[in-house]
Amino acid sequence: MAKKTFIAMNNPYQSVEKVFPQAIDKLLASPFSYIGIKNKPEIPKTLIDLFEDTNQYALHTIDSSSLGGRAIDTRLMNPITGRPMTGSSSGTAINVLLGINDLGIGTDGGGSVLAPAMSLNLFSFISPALCKKHVEKFQKKSTDSLSFTPSIGFITRTYDEISKAIMISINGVKSSSTAPLSMLKVENKTKQLSFDTALDHYHPTTCSIDLSSSRESLIKFVSDQVEKNDLIVSLEGPIDLLGLGDTVLGHMGPLANELQANANKGLIRVANMANAAACTIPTENYGTAYVLICKDKPEQITKMLRVASTLAQGQDPLLEKYFTSFENYFPKEFPDI
């Protein structure tokens with residue numbers, strides 16, 4: 001745990017705004033997790049208290065984020081690709097990738113938790129119901145002029161960590177039910193990706209839409225479908241590899257708009273705006289994840305987790321080797337020095 005703090009203070013990707021070294025004093029048992037939070041007032045202290053009161057978590061860092069809430073962060077670099085980091089919970093996602101924190105807490109308006117997590121092959125979850133009374137004070141407008149209330153979300157390296165955080169924070173979520181569920185599998189008209197055959201077990205219905213469509217049309221689609229189905233599943237990505245998914249850039253002519261569309265951000269742009277809960281489950285391919293969306297109710301989130309657990313896999317060993325290894329940031333000295 002001390003090594004996590006050393007890396008945070010070293011701040012190799014400029015993703016940390018403040019470190020709390022005294023977090024180690026709260027370590028009473030194993031397993032124990034460090035929390036990093038986006039530097040936004042939408043995240044209330046009561047949520048941090050909820051986790052710390054379990055004696056299994058401690059607040060470790062305040063994380064940087066994209067200026068103005070942009071969907072890309074031109075001040076931070078994606079550690080995997082070397083391109084501009086996906087925003088706006090950019091520093092929070094980076095600090096989870098580096099192993100500085102085990103649980104990152106950010107805010108999501110139009111994909112600001114889901115997209116950064118996807119860009120680093122991490123797990124994520126959002127729920128508009130989380131701390132709803134507090135978050136409702138922060139009405140916002142997106143860069144494409146859509147009004148919304150942000151939601152709070154989580155980012156982790158492992159499925160077990162994200163599942164644990166959800167169980168702690170969402171009242172009423174119990175162990176997974178085995179009852180049948182109705183699933184809508186969304187295929188992208190403009191780009192075909194291979195879905196995991198494990199989904200066939202649920203006998204999903206399938207529809208094909210253009211995931212680069214306008215936010216307004218996708219919001220309506222998600223809002224309608226979560227009323228008809230227990231779960232929507234989309235396979236999206238690679239995020240911000242072949243383009244840059246940012247409205248500020250995207251409105252500046254046809255070429256910039258094409259670059260925005262090539263960022264491959266689909267339903268992650270609208271899950272929160274449709275007032276739905278969502279999670280992302282990374283695949284073995286860079287920046288690509290299953291996006292699971294459901295009605296923001298405990299019983300539906302339980303069903304979503306049941307499917308998510310069948311899709312989840314361990315983190316890529318190379319990501320662990322290159323980003324969480326202490327020796328990468330503090331090389332061993334020669335024996336005679």
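The values are calculated or read from the model by the stated rules, or taken from the named source; none is laboratory data. On a predicted model such as this, the values are computed, not experimentally measured, just so you know. Neighbour counts run over all protein chains shown; Cβ positions are idealised from the backbone, glycine included. Accessible surface areas use protein heavy atoms only, side chains included; no ligands, DNA or RNA. Shrake-Rupley method; radii C 1.70, N 1.55, O 1.52, S 1.80 Å.
Ligands, DNA and RNA left out, the accessible area of region 108-194 computed with a 1.4 Å probe is 49% carbon and sulfur. Here ASN285 and THR46 are evaluated by their C-beta separation; at R0 = 45 Å the FRET efficiency comes out at 0.75.
Sequence-ordered 3J(HN,Hα) estimates for region 301-311 from the Karplus curve with 6.51, -1.76 and 1.60 and θ = phi - 60° stand at 5, 4, 5, 4, 5, 4, 6, 4, 5, 7, 9 Hz, glycine and proline given as x. Here the contact order of region 150-301, divided by its residue count and restricted to Cα pairs under 8 Å and six or more residues apart, works out to 23 percent. Net charge in the neighbourhood of TYR34 (other residues with Cβ under 14 Å of its Cβ; Lys, Arg +1, Asp, Glu -1) is +1. Descending by average beta-carbon neighbour count within 10 Å, the peptides 31-41, 254-264 line up as 31-41, 254-264, the highest first. Net charge of the neighbourhood of GLU236, taken over other residues with C-beta under 10 Å away and scored Lys/Arg +1, Asp/Glu -1, is +3. With protein chains left intact and a 1.4 Å probe, residues in the chain average 43 Å² of accessible area per residue.
Looking at the chain, what % of its DSSP beta bridges pair antiparallel, to the nearest 5? Write out the running numbers ahead of the final one.
Details: 34 of 52 bridges.
Counting only bridges with both partners in the chain, antiparallel ones make up about 65 percent.
Sequence-distant contacts, meaning Cα pairs under 8 Å at least 6 residues apart, place the relative contact order of region 121-231 at 22 percent.
The packing ranking, built from the mean of other Cβ atoms within 10 Å per residue, places the peptides 239-245, 18-24, 45-51 in the order 239-245, 18-24, 45-51, highest first. By the helix-only formula, in which each DSSP H run with n ≥ 4 contributes -39500 (n - 2.57) and the sum is divided by residues, the chain has a 222 nm mean residue ellipticity of -7000 deg cm²/dmol.
For a test of understanding, tell me how many lysine pairs in region 234-337 have Cα atoms under 29 Å apart, given they are 8 or more places apart or on different chains. Please list the in-between numbers first.
Details: LYS265/LYS295; LYS265/LYS297; LYS265/LYS303; LYS265/LYS321; LYS295/LYS303; LYS321/LYS332.
Lysine pairs meeting the criterion: 6.
Quick one, which of (i) 64, 47, 41; (ii) 69, 50, 48; (iii) 69, 54, 51 is the actual Cα extents along the principal axes in Å calculated for this model? Matching the structure shown: (i).
If you roll a 1.4 Å probe over region 1-103 with all protein chains in place, what percent of the accessible area is carbon or sulfur? Could the numbers behind the result be given before it?
Details: 2270 of 4170 Å².
Heavy-atom surface of region 1-103 belonging to carbon and sulfur, 1.4 Å probe: 54 percent.
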